[in-house]
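What follows is a set of notes on a single structure, which appears directly below.
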Amino acid sequence: MKIKNVTKFKENIYRGIFTILAFASLFFLLGITVILFKEGLPIFQKVSVFDFLFGRYWYPTHADAEFGILPIMLGSLWVTIGALGVCVPLGVGSALYIHELAGYTQKSVLKPLIEILAAIPSIVYGFFGMVIVAPFIQRTFHLSVGLNAFTGSLMLGIMATPTVCSIAEDALSFVPKSFREASYALGANRWQTLINVIMPAAGSGISTAIILGMSRAIGETMTVLMVCGGAAVIPHSFFQPVRPMTATIAAEMGEAVMGGAHYHALFAIGLILFLFTLVFNIIAEIISRRFRVKLGLGR
Amino acid sequence: MDEKVRMEIKNMNFYYGTKQALCDINIQVYRNRVTAIIGPSGCGKSTLIRLLNRMNDLIPHARIEGEVLLDGHNIYGPDEDVVDVRRKIGMVFQKPNPFPKSIFENVAYGLRVNGIKDRQYIRRKVEKSIKDAALWGEVKDRLNDSALALSGGQQQRLCIARALAVEPEVLLMDEPASALDPTSTSKIEELIQELKKRYTIIIVTHNMQQAARISDYTAFLMLGQMVEYDLTPKIFTNPAKKVTEDYITGRFG
C-alpha cells in the first residue's frame, strides 16, 4: 500500500511540472499581448487610429510630431512582397528538386544544407548584404544608394528560403506514395503525376510554407535595419530606401522617452506587426488543417 | 488445351540490394484467364506482381535479371517506354488509393494523362468503366463528390474502374480484397469473373479459398522460389509437390 502511494505522489508531481511547462508559453503569449496593448493603445489618445494607420508622415521627434505609419507599413509590405518574389521560386523550386529529382544521397545532403541557411544569424546576413550585395546592386543598376528595398528583399528572400523549402518539401513527402503509384499505373509520366496529383495534394502544405516564409520576412529586424536604407518615406520604386516596421522600432526605441508619445507609437507599431503575423499564422494553420483532412490524415 | 500466352515471365531473378527476393521465376500467363499467385507472407508475391508493370522501378538499389514478355515483347527491353508499359498493364493496389479528386475525375484521370481531350468521349468512357466495375448504380447521382467519401469497397471498385478506363491489356491485382469486408470481397470476386471475359488478370492473394474460387491457374511461391505452377484445380486437389500440399491444407503459412 505504501509503495503505491509514493508512486501516485510522484506521478502527480510529474503531472504538475509538465502542466506548468505547457501553460508557461500560454502565459508568455498572454503577457506579451497585454503589454503590447497596454503600451501601444495610449498613442490613440493623441492620434486617431485612421491618422496613425494612413498618415503619410512619420516625424516622431519633431516639435510638431506626426505619427503616420503608412510609409513604414508600405516599407514592410514592399520588402515582404519582394522577399516572396525571391523565396517562393527558390524555396518551392528547391523543394521540388529535392523531392522529385534528387537521389537519396543528394537529398540527405541538400535538405540539411538548405536548413543550415536558417541557422546563420541575421546580423551576418545584414553584414553580407551591406558590404557585398548593396555595392553590387548599386553598381549594376547605377543607383545613388545600394541600401534599398530591392537589396532588402533579396536578403530577406534568401533568409526565408529555408523555411519555405523545408516545409514545402515536408508537404510533398506527406503525399501518400500510393497516389504516385496509382498515377504511374495509369500510364502518367513523372511530370503529369507531379502537376496533377502530387502538387494539388501538397498544395495547401505549400501555401502554408509560403505564408510562414512571409511571417519570417515581415518579422525579420536586423537585416532590414542594416540593408534597407532606413528612409521613412512612401516608396515609389523597389530601388528606393525604405524603413520597415521592425527596423523602425529597433532603431528608435533606444531614443524614445519612456512613456512618451513616441514610445507608445512604437509599441503600437509592434502591436500591428503582431496582428499581421498572427493573422498569417492563423491562415497557415487553417490551410494545413484542411490539407490533412483532404488527404484523410485526420485532424 | 488451346490457351494463348499473353505474358511470360522468363528466368527472372530480383534483388533488393544484395538480398535476392525472387529466384528463377518462370510463369506463362494465359489470355482471358485469371492467374493467382499465392504463398505465405514475405514469399515475394507482391514483389513479383509489381515487377510485371515495372512498379519496382521506383525502388532504389533494386536489380532485375531475366525477361517479362508481353505478347512476346520484353517490357524490360532497352527501347521500352515505361510509361507505355504501365498503360498497357493496369494495376489495382492492396489498399484502395483513389486520388483526392471527384469520382468522375478519378476515372477520367487516366484518359486525360494519355492525351484524350474529347469531353464527350471521356464522359462516355467514364460511365462505361464505372459500369464495368459494377459501381454505377451506387455513384451515378454523385459523380462530382469526393472519391474519399466512398466506402472502402466502393473505393476499390472505383480504382478498378479507373484502371479499366485506359483499356489495359493485362490487369494486375495486388491483394485487391484484403482490406475489405466480406460483402465487398464477394463483389470484387464476381467482378473478376466478369472482367476475365475481356481482360487477362493476374491476382496476388493470401487467401487460398479466394484463389481456388476465382482463378484458372495458380502459382505457389515460397521464399522467393516458385514451387509449383499449374491449373488451379490441379494445385488444390492433386499438387505435385509435398510442400504445396502442406501449404494449401494449412499445415503452415
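Bear in mind these aren't lab numbers, they're just calculated from the coordinates by the rules spelled out. Just so we're clear, the structure is a prediction, and the values are computed from it rather than from any experiment. Quick reminder, even Gly has a Cβ in these numbers, built from the backbone with ideal geometry, and neighbours come from all protein chains shown.
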(request) Looking at segment B:5-248, send over the antiparallel percent of its DSSP beta bridges, to the nearest 5. (result) 60
(message) Please report, ordered by residue number, every helix of chain A (full DSSP H runs) that is 24 Å or longer along its axis going by C-alpha atoms and whose mean Kyte-Doolittle hydropathy reaches 1.0.
(response) A:70-96, A:149-174, A:199-219, A:261-294
(message) Can you classify segment B:114-206 as rounded, prolate or oblate using the Cα gyration tensor, where a ≥ b ≥ c are the square roots of its eigenvalues, rounded means a/c under 1.5, and otherwise it's prolate if a/b beats b/c and oblate if not?
(response) oblate
(message) Please compute the average number of Cβ atoms from other chains found within 10 Å of each residue's Cβ in peptide B:105-113.
(response) 4
(message) Can you compute the helix-only [θ] at 222 nm over chain B? Use -39500 (n - 2.57) per DSSP H run of at least 4 residues, normalise by all residues, nearest 500 deg cm²/dmol.
(response) -10000 deg cm²/dmol
(message) Charges at C-beta only: +1 for Lys and Arg, -1 for Asp and Glu. How large is the resulting dipole of chain A about its Cα centre, in Debye rounded to 20?
(response) 1360
(message) Taking a virtual spin label 7 Å from the Cα of A:Asn189 along the C-beta vector, which residues in segment B:75-114 bring their backbone nitrogen under 13 Å of it?
(response) B:81-85, B:113-114
(message) What do you get for the angle between helix B:182-195 and the principal long axis of chain B? Use alpha-carbon atoms, 0 to 90 degrees, nearest ten.
(response) 90
(request) Report the FRET efficiency, 1/(1 + (r/R0)^6), for A:His62 and A:Tyr97, where r is their Cβ-Cβ distance and R0 is 45 Å, rounded to 0.05. (result) 0.30
(message) Suppose a student asked you for the relative contact order of chain B, using Cα pairs under 8 Å spaced at least 6 residues apart; what percent would you report?
(response) 28
(message) Only four residue types carry charge here, +1 at the Cβ of Lys and Arg and -1 at the Cβ of Asp and Glu. Report the dipole size of segment B:5-248 about the Cα centre in Debye, rounded to the nearest 20.
(response) 640
(request) Please give the helix B:152-165 orientation as an angle from the longest Cα principal axis of chain B, in degrees from 0 to 90, rounded to the nearest 10. (result) 90
(message) With both bridge residues required to lie in the protein assembly as shown, what share of the DSSP beta bridges run antiparallel, to the nearest 5%?
(response) 60
(request) Give the shape of chain A as rounded, prolate or oblate, defined through the alpha-carbon gyration tensor: a ≥ b ≥ c are the square roots of its eigenvalues, a/c under 1.5 means rounded, and otherwise the shape is prolate if a/b is larger than b/c and oblate if not. (result) oblate
(message) Restricting to DSSP H runs of at least four residues, report the calculated mean residue ellipticity at 222 nm for chain A, -39500 (n - 2.57) per run over all residues, nearest 500 deg cm²/dmol.
(response) -23000 deg cm²/dmol
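Need one word for segment B:64-220: rounded, prolate or oblate. Basis is the Cα gyration tensor (sqrt eigenvalues a ≥ b ≥ c); a/c below 1.5 gives rounded, then a/b vs b/c decides.
Oblate, since a/c reaches 1.5 and b/c is not below a/b.
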(request) Assign unit charges at the C-beta atoms only (+1 for Lys and Arg, -1 for Asp and Glu), then state the dipole size of the protein assembly as shown relative to its Cα centre in Debye, rounded to the nearest 20. (result) 1040
(request) Work out, step by step, the length gained on full extension between A:Thr277 and A:Ile120: first 0.36 nm times the residue separation, then minus their alpha carbon distance; give nm to one decimal. (result) 54.3 nm
(message) Can you give me the distance in nm between label points at A:Thr7 and A:Ile32, each placed 7 Å from the Cα along the Cα-to-Cβ direction?
(response) 4.1
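In whole percent, what relative contact order does segment A:121-197 give with Cα contacts below 8 Å and a gap of six or more residues?
Computed over segment A:121-197, the figure is 19 percent.
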(message) Given points 7 Å out from each Cα along the Cα-Cβ axis, report the A:Val131 to A:Lys177 separation in nanometres with one decimal.
(response) 4.7
(request) Could you work out the relative contact order of segment B:43-118, using alpha carbon pairs under 8 angstrom and six or more residues apart, expressed as a whole percent? (result) 23
(message) If I build a Gaussian network model for chain A, linking alpha-carbon pairs within less than 10 angstrom, which residue out of A:Glu285, A:Glu252, A:Glu11 has the largest mean-square fluctuation?
(response) A:Glu11
(message) Of B:Gly44, B:Val166, B:Leu69, which is farthest towards the positive pole of the protein assembly as shown's charge dipole, taken about the Cα centre with +1 and -1 on the beta-carbons of Lys, Arg and Asp, Glu respectively?
(response) B:Gly44
(message) Given a 10 angstrom Cα cut-off, can you work out which residue in A:Tyr14, A:Tyr57, A:Tyr125 is the most mobile in a GNM of chain A?
(response) A:Tyr14
(request) Choose one of A:Val224, A:Thr193, A:Ile69: the residue whose Cα lies farthest towards the positive end of the charge dipole of segment A:50-294 (beta-carbon charges +1 Lys, Arg; -1 Asp, Glu; about the Cα centre). (result) A:Thr193
(message) Quick query: amide H of B:Ala219 versus all other amide H atoms, modeled in the peptide plane; which residues come in under 5 Å with a sequence gap of 5 or more or a different chain?
(response) B:Ala36, B:Ile37, B:Ile38
